[in-house]
Amino acid sequence: MAEELKILTGTREEQYRALIPQIKALLEGEPDQIANMANVCAALKAQFEWLWIGFYLVRNEQLVLGPFQGPVACTRIGYGKGVCGTAWARGETVLVPDVEQFPGHIACSSLSRSEIVVPLLRDGRVHGVLDIDSIELDAFNKTDQRYLEEIVGLLTS
Ligand code: SME
């Protein structure tokens, strides 16, 4: 049985540094990707005050909604569409400080103001993305990118 997550204080970086070992422990010994993605969403949601945290998975040339925490969301996103489809097409993280300035942004929630999307890469191919939305403008920076890429790497390793 999973131990309860310790909620951490400190700078954003300190929070990630303390959270990552807990996420590693959660994933250890569990090969099922859906179960692991679900727990990663729950761990991030418990620690950070973000609106929406979830995965979209590549299924038949579309991104299809996977495990998430937050309000109901769009279920399918095309290649190159929105922030998620753009991260898929580029194969790299996309940071959006202001969603209104991102051409083609897909508004699943009108409350979302900024967003980060991190691709899940395996053997150079994107097989899904981690998408996080905030109700605050400019909520994500390079520190988030670095640690979220590390967390996503735990899922694909
Ligand atoms: N905003 C995303 C769509 C997914 S929701 O934010 C959950 C996008 O533009 O791809």
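Quick look at the numbers
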quantity	calculated
Subset of segment 88-99 [more than 8 Å from the ligand (Cβ to nearest atom) and part of a helix (DSSP H, G or I)]	88, 89, 90
Unmet criterion (only one of (1) more than 20 Å from residue 140 (Cα to Cα); (2) in contact (Cβ under 8 Å) with a residue 24 or more places away in the chain) for residue 80	(2)
Residue match in segment 66-79 (condition: aromatic (Phe, Trp, Tyr), under 21 Å from residue 145 (Cβ atoms) and in contact with a Leu (Cβ under 9 Å, 6 or more places away or on another chain))	no
Residues of segment 101-135 classified as under 14 Å from residue 90 (Cβ atoms), over 16 Å from the mean Cα position of the chain (by Cα) and not in a loop (DSSP other than H, G, I, E, B), total	1
Residue in segment 51-70 that is within 11 Å of the ligand (Cβ to nearest atom), of a type outside the set (S, T, N, Q), part of a loop (DSSP other than H, G, I, E, B) and out of contact with any Asp or Glu (no Cβ under 6 Å at 6 or more places or on another chain) present	yes
Every residue from segment 100-150 that is within 12 Å of the ligand (Cβ to nearest atom) and out of contact with any strand residue (DSSP E or B) (no Cβ under 9 Å at 6 or more places or on another chain)	100, 103, 104, 107, 110
Test: residue in segment 76-88 that is under 23 Å from residue 15 (Cα atoms), modelled with pLDDT of 95 or more and buried (at least 18 other Cβ atoms within 10 Å of the Cβ)	no
Among residues of segment 46-83, those that are more than 26 Å from residue 5 (Cβ to Cβ) and out of contact with any helix residue (DSSP H, G or I) (no Cβ under 6 Å at 6 or more places or on another chain), counted	12
Residue in segment 107-124 that is among the polar types (S, T, N, Q), surrounded by fewer than 18 Cβ atoms within 10 Å (Cβ to Cβ), on the phi < 0 side of the Ramachandran plot and touching a residue at least 24 places away in the same chain (Cβ under 8 Å) present	yes
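The values are calculated or read from the model by the stated rules, or taken from the named source; none is laboratory data. A quick note: this is a predicted structure, and the numbers were derived from the prediction, not measured. For neighbour counting, all protein chains shown are included, and Cβ atoms are generated from backbone atoms with ideal geometry for every residue, glycine included.
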